[in-house]
1. Among all residue pairs at least 6 apart or on different chains, which show Cβ distances below 7 Å where the first residue, located in the stretch 96-116, is within 20 Å of LYS64 (Cα to Cα) and free of Cβ contacts under 8 Å to residues at least 24 places away in the same chain and the second is in a loop (DSSP other than H, G, I, E, B) and small (Gly, Ala, Ser)?
2. Would you check which residues across the stretch 37-64 are crowded, with 20+ Cβ neighbours inside 10 Å and over 14 Å from HIS3 (Cα atoms) and list them?
3. For the condition part of a loop (DSSP other than H, G, I, E, B) and under 19 Å from the mean Cα position of the chain (by Cα), what is the one hit in VAL113, VAL102?
4. Filter the stretch 92-111 down to residues that are exposed (fewer than 14 other Cβ atoms within 10 Å of the Cβ) and not acidic (Asp, Glu) and give me whichever is nearest to LEU6 (Cα to Cα).
5. Evaluate the following for VAL81: is it under 29 Å from ALA103 (Cα atoms) and in contact with a His (Cβ under 9 Å, 6 or more places away or on another chain)?
6. Of all residues in the stretch 110-139, which are within 16 Å of ALA33 (Cα to Cα) and not small (Gly, Ala, Ser)?
7. Taking into account only those residues within the stretch 116-145 that are more than 19 Å from the chain's Cα centre (by Cα) and hydroxyl-bearing (Ser, Thr, Tyr), which is surrounded by the fewest Cβ atoms within 10 Å (Cβ to Cβ)?
8. Within the bounds of the stretch 67-78, is there any residue that is in a strand (DSSP E or B), closer than 30 Å to ASN11 by Cβ and modelled with pLDDT of 95 or more?
Amino acid sequence: MSHMMLPTNANPDGHIHGGDIMKYIDDAAGVVAMKHARTTVVTASIDRLDFHKPVHIGNLLILKASLNSTGRTSMEIGVRVEAEDLRKGIVTHIASAYLTFVALDDSKHPTPVPVYQPSNPKAIRRRKQAQERKACYYQSKNLDD
């Protein structure tokens, strides 16, 4: 997905609000999740989000989202955010995030999603990394209980 950053997205210094970028991240990830599940999906979580560089009025915000892994009713979606200075043609990595979505049935209860079978080395690597993040998350939850 791409969005032109306009003055309505910015603070008085011309920097785009992080909250606007977060919404675009959620939108892009939601499209990927819904396309995979073919049902209603909701955001369950988003990991830490660090902005590496500012985005300015007039930049083209580019969001690249991909399905990384599936659970029984959940999916991890990765989103890479870039900003392109259209006058200079320079593309800058702004942020990356991992979001978890849950699929819902018509009664708004969690429902199973199709199993994800990655078909190329890059997708296989992303699935393995997602499984490692999930294992670390559950391990940390057990340590805190």
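1. Cβ pairs passing all conditions: none.
2. ALA37, VAL41
3. Sole residue among the options that is part of a loop (DSSP other than H, G, I, E, B) and under 19 Å from the mean Cα position of the chain (by Cα): VAL113.
4. HIS93
5. yes
6. Scanning the stretch 110-139 gives PRO110, THR111, PRO112, VAL113, PRO114, VAL115, TYR116, GLN117, PRO118, ARG126, ARG127.
7. Among them, the one singled out is SER119.
8. Within the stretch 67-78 (the criterion being in a strand (DSSP E or B), closer than 30 Å to ASN11 by Cβ and modelled with pLDDT of 95 or more), the answer is yes, since at least one residue qualifies.
The values are calculated or read from the model by the stated rules, or taken from the named source; none is laboratory data. Quick caveat, the model's predicted, so the values are computed rather than measured. No Cβ is skipped: glycine too gets one built from the backbone with ideal geometry, and neighbour counts run over all protein chains shown.
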